[in-house]
Amino acid sequence: MNVGKDISTKFANMGFVCVCLVVLMHVHCPWEGGGINQLAVPFFFAMSGYFLATHVDERGWYARALSKRVRTLLVPLFAWCVIWMLFTIPIALILNVRAGRDLSVNILTGWGMLRYLALDVTRTPALGPLWYVRCLLFFVIVSPAIVWLIRRSGFFVLMVLGCVYYAYSAMGTNFSFLSYGFSLEGVFCFSAGLFLRMKQVSLNLNPIVGVPLFGAGLLAYYIGWTELSIVLMIVGLWGLMPARRFPMFLVANTFPIYLMHMFVLLLFGNGKIASPLLAIGVGIIVVIVSVVMAEAIRRLAPGFSVILWGGR
């Protein structure tokens with residue numbers, strides 16, 4: 001079940017838009033944009049589930065899926081964990097020496113070292129965005145169970161997962177394992193992607209419908225219905241996505257931008273930027289620099305880029 005060209009193009013375009021929203025969120029933009037940035041990672045989970053589902057009717061699909069994710073997820077996960085550790089620890093040591101502080105300040109020690117390697121599933125990795133990669137690995141590992149449930153119960157499975165996620169969110173408590181280890185939001189969105197592909201639900205959506213859906217998502221966010229707002233905004237933004245591909249040098253670097261932007265952001269410090277326009281400007285610069293760095297690595301060290309980006 002190959003994905004059609006138009007649908008594949010819209011996925012690529014929306015993926016790039018969503019990674020830009022992730023960058024904007026990490027810039028600490030004072031304007032939340034109606035919660036728009038919160039739709040990014042849920043969309044990534046749904047997209048991953050959708051593409052995985054294209055192979056679930058093939059013989060031996062699970063073994064191939066695991067083998068592929070070792071190359072595309074596990075290897076980049078640990079590669080970037082090590083790079084972040086080698087990059088940030090020396091900087092922290094230098095700053096500590098210059099400030100006359102204890103050398104251990106701002107450096108994870110003891111069991112905290114597990115965060116550097118993304119092995120502490122109760123917390124985000126030291127390189128924060130890697131929590132998504134780690135969660136996605138978990139979801140792929142348990143995907144046969146999700147596929148079986150969808151085949152047996154269909155939409156009912158999504159309803160149950162959605163209700164569990166909503167109930168967890170409504171509790172107002174944050175069990176970090178259920179947010180960044182085995183994310184309830186993530187497993188719902190991943191399963192939704194599987195469902196859409198397995199049940200061959202049409203993804204063709206008229207842009208005219210996309211506008212009111214996106215607007216309804218913004219309204220739901222301001223009312224306080226965050227979970228519903230994310231779903232509505234994803235569907236609405238999907239309807240607004242053009243079927244003509246964005247420039248290849250942009251969409252081909254969605255994953256590199258996601259992994260590299262935190263390095264670039266260190267140049268701007270960790271403080272919150274007071275002006276929304278300035279924050280957006282910084283976000284654009286971060287995306288541009290990340291793309292340039294990714295393209296340079298591809299050209300100068302193609303073998304190394306395969307490790308870093310998982311062959312993307």
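Computed from the coordinates by the stated procedures, all read-outs in this text should not be read as laboratory data. Fair warning: this is a prediction, and the values are worked out from it, not measured in the lab. Every residue, glycine among them, receives a Cβ derived from its backbone with ideal geometry; neighbour counts consider all protein chains shown.
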Cα-based Rg of the range 226-312 per 2.2 N^0.38 Å, rounded to two decimals? 1.32
Would you mind calculating the gained length between Ala243 and Ile307 on full extension (0.36 nm times residue separation, minus the Cα-Cα distance), in nm to one decimal? 20.0 nm
May I have the pair-distance distribution P(r) for the range 42-203, computed from all Cα-Cα distances with 5 Å bins from 0 and rounded to whole percent? 2, 9, 15, 17, 16, 13, 10, 7, 5, 3, 2, 1, 0
Quick one: helix 5-26 against the long Cα principal axis of the chain, what's the angle to the nearest 10°, folded into 0 to 90? 40
Size of the chain as Cα extents on the principal axes (Å, biggest first): 61, 45, 45
Fewest to most neighbouring Cβ within 10 Å: what's the order for Met113, Met293? Met113, Met293
Potential extension, Glu295-Ser67 segment - 0.36 nm per residue separation minus Cα distance: 79.5 nm
How compact and how long is the range 150-273, expressed as Rg and Dmax of its alpha-carbon atoms in Å? 17.5, 51
Full extension from Thr226 to Met159: what is 0.36 nm times the residue separation minus their Cα-Cα distance, to one decimal in nm? 22.4 nm
Considering only DSSP states other than H, G, I, E and B, which trypsin sites (Lys or Arg not before Pro) in the range 173-260 qualify as loop sites with at most 12 other Cβ atoms within 10 Å? Lys199, Arg244
